[in-house]
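The values are calculated or read from the model by the stated rules, or taken from the named source; none is laboratory data. Only a predicted model underlies this, so the values are computations on that prediction, with no experimental measurement involved. Virtual Cβ from ideal backbone geometry, glycine too; neighbours counted across all protein chains shown.
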Amino acid sequence: MSVRTQWLQTMVFALATATLASCRGGGDQPSTPAPTTAPSATATPAPTETPTPGPLTAQTARGLVEVTLIPVPTNARLGWAADGSILAFGDREFIRTDVAIGSPKRTSAPAGTQILAVSPDGHTVAVVGIDTGALLLWDLDTPDFTPRTIEGARGRASASFTGDGANVIVTEQSTIAATVFDVRTSGKVGTLTGFQTAAPVYNFIVGPTDTGVWHARATVQFAQIPSGTLGARLSFEDFVGEVSFTRDGRLLLTTTGIQENGKLISRLQAWDPASGTERLRVTLPEAGARATLSADGALVAVAGNGGARILDSMGAQVWIDAKHGAATTAVFTADRRAFLVISDGALRRYEVPR
């Protein structure tokens, strides 16, 4: 064998050996390149917060739905405590609950009495003895719940607390006057007089501030509390069915019956207590309706035989709930985020779905 042939065989053998070693994992292997950047971490999404509904408007109010309710006495009346809680009461039962009406506390009136009014303090109640006719103050903070008599107020059928809860005012029967009693002492502190009317029936309505109104048939007149100084006098063509102040006391609301296109309906008017100037006039869809305004005056809450309604300030209907029958009360909450209605034996809270 020639030298050249031997050299070729040696080279072939060496090449084969190297290839076999590579296939068996021997020899140097190419290294895996290191990543140039660290792998990105998966971000945890932030929790989604449920948006809080804004104040009701003519647009959003169309979507109101009932969210909760509590049973209340027949013909229950509605008031507000200074801390914002709701005061609902009938002749024999008093209910205090938060504005969400989720935690009602119920108390029955003392035996033989009927509830007339509840103070803004949320725990002082004016009751009248059914058999005796005596006017009593019932303090719910008193352990034995024993009412105390207001001397000189026997035979009174109505009573109203002042906005600060310091006094209770009752109308006289034999003369056109209203007597002011101190809640703490039960003693008489003043008399409101000067109102003139030929009507046999009259009343004095107390506002949340230092202003009240005399009301007799088709006449309403403002008066200061406790001085009794008379203010603007309003005269109407027909009897005034409802008289009330807005919750902040800035306006007096009156409703009167009117004829329109041969149909008997109602007219709501809002008045400035200081000047007696008319600030708003809205036609209501039925006679005998009760109405109040939202805090900004943009919406009107209406309660009547046709159910609870919301109108805009021009009188156009925005929303109605007639499925629960006649409504006796319809009001907006102070923050205007909910609508409260008393109908079919229940206090109902309506909100826009979140």
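For segment 137-152, what are the residues that are outside any loop (DSSP other than H, G, I, E, B), over 17 Å from GLY90 (Cβ atoms) and not basic (Lys, Arg)?
Hits for segment 137-152 are LEU137, ASP139, THR149.
Any chance you could count how many residues in segment 71-88 are surrounded by 13 or more Cβ atoms within 10 Å (Cβ to Cβ) and among the polar types (S, T, N, Q)?
Qualifying residue count, segment 71-88: 1.
Would you kindly identify the strands (runs of 3 or more DSSP E) lying entirely within segment 20-123 that contain at least 2 residues that are among the hydrophobic types (A, V, I, L, M, F, W, C), closer than 27 Å to VAL331 by Cβ and at pLDDT 65 or above?
Because the criterion is at least 2 residues that are among the hydrophobic types (A, V, I, L, M, F, W, C), closer than 27 Å to VAL331 by Cβ and at pLDDT 65 or above, the strands (runs of 3 or more DSSP E) in segment 20-123 that meet it are 65-71, 77-80, 86-89, 93-97, 113-118.
Looking only at strands (runs of 3 or more DSSP E) that fall completely inside segment 223-323, which ones have 3 or more residues that are crowded, with 21+ Cβ neighbours inside 10 Å?
Working: elements: 230-235, 240-245, 252-260, 263-271, 278-284, 290-293, 299-304, 307-312, 317-321.
In segment 223-323, the matching strands (runs of 3 or more DSSP E) lie at 252-260, 263-271, 290-293, 299-304, 307-312.
If we scan segment 231-242, do we find a residue that is of a type in the set (Phe, Trp, Tyr) and within 22 Å of the chain's Cα centre (by Cα)?
no
Condition first: closer than 18 Å to THR255 by Cβ and in contact (Cβ under 8 Å) with a residue 24 or more places away in the chain. Can you find one or more residues in segment 221-231 that meet it?
yes
Report whether or not ASN203 is more than 23 Å from the chain's Cα centre (by Cα) and within 24 Å of LEU293 (Cα to Cα).
When the stated conditions are applied, ASN203 passes them.
Give me the pairs, please: first residue somewhere in segment 314-339 and more than 20 Å from GLY288 (Cα to Cα), second residue anywhere and acidic (Asp, Glu) and exposed (fewer than 14 other Cβ atoms within 10 Å of the Cβ), beta-carbon distance under 8 Å, and either six or more positions apart or on two chains.
That search, which allows pairs on different chains as well, returns ARG336/ASP296.
Need pairs with beta-carbon distance below 7 Å; first residue farther than 19 Å from LEU87 by Cα and within segment 62-76, second surrounded by 18 or more Cβ atoms within 10 Å (Cβ to Cβ) and of a type in the set (Val, Ile, Thr); sequence gap 6+ or separate chains.
ARG62/VAL318; GLY63/VAL352; LEU64/VAL352
Can you spot a residue in segment 192-209 that is over 24 Å from TRP80 (Cα atoms) and not in a loop (DSSP other than H, G, I, E, B)?
Looking for residues that are over 24 Å from TRP80 (Cα atoms) and not in a loop (DSSP other than H, G, I, E, B), one finds at least one in segment 192-209, hence yes.
Among PHE161, PHE195, which is the only one that is closer than 20 Å to PRO110 by Cα and of a type outside the set (S, T, N, Q)?
Sole residue among the options that is closer than 20 Å to PRO110 by Cα and of a type outside the set (S, T, N, Q): PHE161.
Given the options THR246, THR329, THR283, THR292, name the one that is touching a strand residue (DSSP E or B) at 6+ places or on another chain (Cβ under 8 Å) and more than 30 Å from LYS105 (Cβ to Cβ). Don't jump to the end; show me each part of the working.
Working: THR246 fails: more than 30 Å from LYS105 (Cβ to Cβ); THR329 fails: more than 30 Å from LYS105 (Cβ to Cβ); THR292 fails: more than 30 Å from LYS105 (Cβ to Cβ).
Residue meeting the stated conditions: THR283.
Which condition does ILE169 not pass, out of (1) of a type outside the set (Gly, Ala, Ser); (2) buried (at least 21 other Cβ atoms within 10 Å of the Cβ); (3) farther than 22 Å from GLY228 by Cβ, if it passes all the others?
The single condition ILE169 does not satisfy is (3).
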